[in-house]
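Written below as structure tokens is the structure these notes are about.
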Amino acid sequence: MDRQNFKAAQGFTIVELMIAMLLGLMLSGAMVAVFVDSRQSYNTSETVMRMQDDARQALRELSTDLTMAGFWAELMLPVDITPDANLAVAANGDCGPAGVPWVYRAIVPGTSQSLALTAIDNATGAAVNAGHSCIAASQVQAGSDVIAIKRVAGTNSSCPAICPAPFDNTVDNAVYLRTNGTLGLLYRKPEAAAAAVPAPFWDWEYRPRIYYVRNFARVAGDGIPTLCRKVLLYRTTPPTMDPLVPGTTECLAQGVESLQIEFGLDSDGDGEPNVYVTGATIAQMQTVVAARLFLLLRGTDRDIQYRNDKTYQISNAPALTPADDFHRRVFSVTVGLRNLASLRKFGS
């Protein structure tokens, strides 16, 4: 056997094997690191996209309701709205201050001030429960704003009274605003007082809603803050916003840690905001023509490889430095309140 063939027959030396193993380990480690980084990037992207989807849904619902706040169909002035004598709400289902009628009121009693839009700034649980008794203090995410909106649906629910009968797609037990453009009657079908609004008239579904941030998603104590709203439930007799009745609470987006709103006031009557304020009073609400919405969203799942030491300063809410392992994003939008702006232009 010649020298070259003899050397080939000997195989690899221990040094060569160790070098090969080391190179293999380095290559495997690099592949694992790439996989871990890719997985981490994927999880982060998924969390951010989920927050974006939730924010889009929440802002869409809030923007729609705010845009239509004070929409009373053809009726321009809420002072012309009268509740029907038979209109009632279930016990514990009004959702105003304890013992004070709220849900069917379009104006502050004894004034012409509209109640189409009210808010509680940086609310505590006690403040929210005092203003809206259907929201339990223990369920409120403290430090977030609460917004109450009253309006009717964007399309009328029935044909004018002069249309051929039968033509009426309103729903029994639901509450409607019946108006001919001059007078308005809030009533619960089929209990409208006879001839209270002269024909021709239209019926528009009444939709009062209260937006707030709840400190849990599905089960109390799960720690997932969620944007929810209280709605008037029609399937009960009479209608109710009682929190003990399923269906009065609709939750829109999980992970919403804070809702903040700034109101644009029109001080010169031209229909455009001159200044934005927080914590607007009832008197100031009469001049609101726009609103800035801010949402702070938090991922619903922890990221153990991430540390959030950022400081979030949103509107007039206290600065937040979470120092935890949740991803967060801030989303905002400015909404024109065209119905309230129209009333402002008319000097109402």
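Each value in this text was obtained by applying a stated rule to the coordinates, not by laboratory testing. Just so you know, these numbers come straight off a predicted model, no measurement behind them. All Cβ positions, glycine included, derive from the backbone under ideal geometry; neighbour counts span all protein chains shown.
Based on Cβ point charges of +1 for Lys and Arg and -1 for Asp and Glu, what charge dipole magnitude is obtained for region 33-156 about its Cα centre, in debye rounded to the nearest 20?
Dipole size: approximately 60 debye.
Under the rule of at least 5 residues apart or a separate chain, name every residue whose amide H is placed under 5 Å from the amide H of PHE216.
THR226
For region 46-345, what number of Lys pairs, 8 or more residues apart or on separate chains, have alpha-carbon atoms under 28 Å from each other?
Lysine pairs meeting both conditions in region 46-345 amount to 4.
Taking the dipole about the Cα centre of the chain, with the C-beta of Lys and Arg at +1 and of Asp and Glu at -1, give me whichever of GLN57, THR82, ALA119 is farthest to the positive side.
Checked the options; the winner is GLN57.
If you take Rg and Dmax of the Cα atoms in Å from the coordinates, which of (1) 26.8, 102; (2) 29.2, 121; (3) 19.8, 61 do you get?
Structure-derived value, by its label: (2).
Using 1/(1 + (r/R0)^6) with R0 = 35 angstrom and r between the beta carbons of ALA127 and TYR306, what's the FRET efficiency to the nearest 0.05?
Efficiency at R0 = 35 Å is approximately 0.55.
Can you give me the long-range amide H partners of GLY184? Hydrogens built in the peptide plane at 1.01 Å from N, cutoff under 5 Å, separation of 5 or more residues or another chain.
Long-range HN contacts for GLY184: THR82.
Residue farthest toward the positive end of the dipole of region 222-309, with Cβ of Lys/Arg at +1 and Asp/Glu at -1: which of GLY247, SER258, MET285?
Final value for the positive-end residue is GLY247.
Where both partners of a DSSP beta bridge lie in the chain, what percent of those bridges are antiparallel, to the nearest 5?
95 percent
Treat the count of other C-beta atoms within 10 Å as a stand-in for reagent exposure and order LYS150, LYS189 from fewest to most. Each step should come with its number before you reach the end.
Working: LYS150 26, LYS189 19.
Ranked by crowding around the Cβ, least crowded first: LYS189, LYS150.
If each residue's Cβ is checked for other Cβ atoms within 10 Å, how do CYS95, CYS251 rank with the fewest at the top?
On the way: CYS95 24, CYS251 14.
Starting with the residue having the fewest Cβ neighbours, the order is CYS251, CYS95.
Using R₀ = 56 Å, calculate the FRET efficiency as 1/(1 + (r/R₀)^6) where r is the Cβ-Cβ separation of SER138 and GLU74; round to 0.05.
Result of the calculation: an efficiency of 0.85.
Just want the ordering: THR278, THR248, from fewest to most Cβ atoms lying within 10 Å of their own Cβ.
With the sparsest Cβ surroundings first, the list reads THR278, THR248.
Subtract the Cα-Cα distance of ASN316 and LEU22 from 0.36 nm times their separation in residues, and report this length gain in nm to one decimal.
Full-extension gain reported as 100.1 nm.
Out of GLY271, ALA153, THR226, whose Cα points farthest toward the positive end of the dipole of the chain (charges: +1 Lys, Arg; -1 Asp, Glu; placed on Cβ)?
Ranked along the dipole, the leading option is THR226.
Please report the spacing between the Cα centers of region 121-137 and region 64-102 in Å, no decimals.
Answer, in whole Å: 19.
Could you size up the charge dipole of the chain around its Cα centre, putting +1 on the beta carbon of Lys and Arg and -1 on that of Asp and Glu, and report it in debye to the nearest 20?
280 debye
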